[in-house]
């Protein structure tokens, strides 16, 4: 028996509609969960604190001379045309972006600035003074001062456990944070290290 062409066409059309309704596709053909993951990832970047050795790309919209690839120097600064030296260490990429944009307003109207971390240095802190194994300790995710001291082999017998200091470089200079080892082992609020921090254990 020969099927009528109009009937065949109608069957094909209905089948196509059924397939479209049964398999919805999100925008750009991506799973909605992938979109959620991509939206949550930048939060980690936004919280990242810049450190000496980090390689950055500074993009100024429609200004090729101001757009620069730079590396943060050991003194924590970068140098840009017109602006000179800028403190970068201790700031987030967004904070540095805002500082650059604010200063550029003296030279251009409504500058649009982007700061990209091209390569981050390994996150380390330093332990010095009256510990058994002074030196650098790697910060994996989060590291407390107490944990860093344990990695450094613990305190020596004559260490001044109540007057330990953490030296932290920020955009405002070097900050000193007091740390009492005896309070820490009793369960006081933990102090978390940032990349570049130096723990000084006096005698």
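The values are calculated or read from the model by the stated rules, or taken from the named source; none is laboratory data. Being a predicted model, the structure only gives us computed values, none of them experimental. Every residue, glycine among them, receives a Cβ derived from its backbone with ideal geometry; neighbour counts consider all protein chains shown.
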(message) Looking at 155, 172, can you tell me which residue is farther than 30 Å from residue 59 by Cβ and not assigned by TED's automatic domain parsing to the domain that holds residue 50?
(response) 155
(message) Checking the condition modelled with pLDDT under 75, surrounded by 13 or more Cβ atoms within 10 Å (Cβ to Cβ) and assigned to a helix (DSSP H, G or I), which residue from 45, 11, 17, 99 passes?
(response) 45
(request) Pairs only if they're at least six apart or on different chains, beta carbon under 6 angstrom, first in segment 149-168 and at positive phi, second modelled with pLDDT under 95 and surrounded by fewer than 18 Cβ atoms within 10 Å (Cβ to Cβ); list them, first residue then second. (result) none
(request) Among what's in segment 80-96 and is over 22 Å from the mean Cα position of the chain (by Cα) and assigned to a loop (DSSP other than H, G, I, E, B), pick the residue that is surrounded by the most Cβ atoms within 10 Å (Cβ to Cβ). (result) 83
(message) Take the residues in segment 102-127 that are surrounded by 14 or more Cβ atoms within 10 Å (Cβ to Cβ) and more than 18 Å from residue 58 (Cα to Cα); name whichever of them is modelled with the lowest pLDDT.
(response) 123
(request) Kindly establish whether residue 54 is surrounded by fewer than 18 Cβ atoms within 10 Å (Cβ to Cβ) and on the phi < 0 side of the Ramachandran plot. (result) no
(request) Kindly check whether there is at least one residue in segment 94-108 that is under 21 Å from residue 53 (Cβ atoms), without any contact (Cβ under 8 Å) to a residue 12 or more places away in the chain and not assigned by TED's automatic domain parsing to the domain that holds residue 191. (result) no
(message) Just the residues that are within 29 Å of the chain's Cα centre (by Cα), buried (at least 16 other Cβ atoms within 10 Å of the Cβ) and part of a loop (DSSP other than H, G, I, E, B), please, taken from segment 135-162.
(response) 139, 143, 152
